[in-house]
Amino acid sequence: MQIHKDKELEKAVEKIKSVKVQGAKEIAIFALKFLKKYAMKHGFGLRFEVASYVLEQTRPTAVVLHNCLEIVKREQKMSTFDKLIKQLETATKRLAKKGAKLIPDGATIMTHCHSGEAVATIKEATKKKDVKVIATLTEPLMQGVKTARELKRAGIDVHLIADSATGFFMRHVDLVMVGADALRVREPKGLVNKIGTFNIALAANYYKKPFYVTANSFKIDKRKKIIIEERPKEGLINIKGIKAYNPAFDITPWKFVTKIINEKEIINPEELVKKYGKD
Ligand code: RUB
């Protein structure tokens, strides 16, 4: 078996690597759809396991795909793929309804990167309320532009700002709402999300602004360790002879997070860790 010549797998990996498919939930749904076809063709044997591993390692920080694949490997049924995709899609709708209630009428919300779950929640709130959004550009890949476009399409008043301007604008916002790649209930504990989230949480804490995380329950991360994806330096800046760091995510300590909104509940970080951090 020559995995490097597996063109269909290579194509799927490229779509994720190039961030055409981005956001923890969308990556998981994309990979599950791909793996369903793959399993239909090749079965659930070693080849499937390698493909699952390769896809998971393409974006190793997010935990949704990992948690879904644990179930797929256990059940080894085609119907599991559809069940999980449906659960992920339904979870976003449910949590958006819950989270929208936390957004007051007239609120200005700061968000970071592109989180399908945060965007869905903000959109849900605008069904009944008037809200404004300040979205970070999210350097270096500028996923904030995707957020701004989506919100604008939904008729929402949105302004983009530089990532470095979040501290400056914090006093003008009423709350922060971001997504998550992983909710760490084991060490290192905290919210794993796009690099820069921690800085925003610090500024929110300084100005005593609520910091909400919209994240379906597949994002609860019980893995023994977490890999923070490091992207190539060239993706940040390419200056000959100059070194650079380009991590894609950071970990915000739980004490800076006000509430986590998932499809089942609105929960405090301490409760989340207590409830899920034991086994
Ligand atoms: C995306 C990102 C998002 C989370 C949650 O990073 O950090 O906030 O993945 O997204 P990238 P969602 O663009 O590098 O994938 O709510 O859509 O699951």
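The values are calculated or read from the model by the stated rules, or taken from the named source; none is laboratory data. Every value quoted in this text rests on a predicted model; they were computed, and no experiment measured them. Reconstructed Cβ throughout: ideal geometry from the backbone, glycine too, with neighbour counts over all protein chains shown. Note: areas computed on protein heavy atoms with side chains; ligands, DNA, RNA excluded. Shrake-Rupley method; radii C 1.70, N 1.55, O 1.52, S 1.80 Å.
Please enumerate the residues belonging to segment 127-157 that are within 16 Å of the ligand (Cβ to nearest atom) and of a type in the set (D, E, K, R).
Correct list: GLU139, LYS146, ARG149, GLU150.
Residues of segment 59-73 being farther than 12 Å from ARG223 by Cα and surrounded by fewer than 17 Cβ atoms within 10 Å (Cβ to Cβ), which ones?
The answer is ILE71, LYS73.
Among the residues of segment 6-58 satisfying the criterion of being among the acidic types (Asp, Glu) and assigned to a helix (DSSP H, G or I), which is least open to solvent (accessible area, probe 1.4 Å)?
GLU56
Tell me which of these PHE81 doesn't satisfy, since it passes every other one: (1) surrounded by fewer than 18 Cβ atoms within 10 Å (Cβ to Cβ); (2) of a type outside the set (A, V, I, L, M); (3) more than 13 Å from the ligand (Cβ to nearest atom).
(1) is the only condition that PHE81 fails.
In segment 119-209, which helices (runs of 4 or more DSSP H) lie fully inside it and hold 3 or more residues that are open to solvent by less than 10 Å² (accessible area, probe 1.4 Å)?
143-153, 197-206
Find all pairs meeting these conditions: Cβ atoms under 7 angstrom apart; at least six residues apart or on different chains; first residue within segment 211-239 and in the same structural domain as VAL176 (by TED's automatic domain parsing); second residue surrounded by 14 or more Cβ atoms within 10 Å (Cβ to Cβ) and of a type in the set (Phe, Trp, Tyr).
PHE211/PHE256; ILE220/TYR276; LYS222/TYR276; ILE228/PHE249; GLU229/PHE249
What pairs come up if the first residue lies in segment 92-104 and is without any contact (Cβ under 8 Å) to a residue 12 or more places away in the chain, the second is part of a loop (DSSP other than H, G, I, E, B) and open to solvent by 50 Å² or more (accessible area, probe 1.4 Å), and their beta carbons are under 7 Å apart, counting only those six or more places apart or on different chains?
none
If you take the residues of segment 229-252 that are within 13 Å of ALA180 (Cα to Cα) and of a type outside the set (Asp, Glu), which of them is surrounded by the fewest Cβ atoms within 10 Å (Cβ to Cβ)?
ILE251
Mind checking whether some residue in segment 109-126 is closer than 20 Å to ASP181 by Cα, more than 11 Å from the ligand (Cβ to nearest atom), of a type outside the set (Val, Ile, Thr) and assigned by TED's automatic domain parsing to the domain that holds LYS225?
yes
Of everything in segment 79-118, what is small (Gly, Ala, Ser) and assigned to a helix (DSSP H, G or I)? Give them in sequence order.
SER79, ALA91, ALA96, GLY99, ALA100, GLY116, ALA118
Spot the failing condition for ALA12; the list is (1) under 22 Å from ILE226 (Cα atoms); (2) more than 12 Å from the ligand (Cβ to nearest atom), and only one is missed.
ALA12 satisfies every listed condition except (1).
I'm trying to understand the selection: among the residues of segment 143-157, which are of a type in the set (D, E, K, R) and closer than 13 Å to GLY116 by Cβ?
LYS146, GLU150
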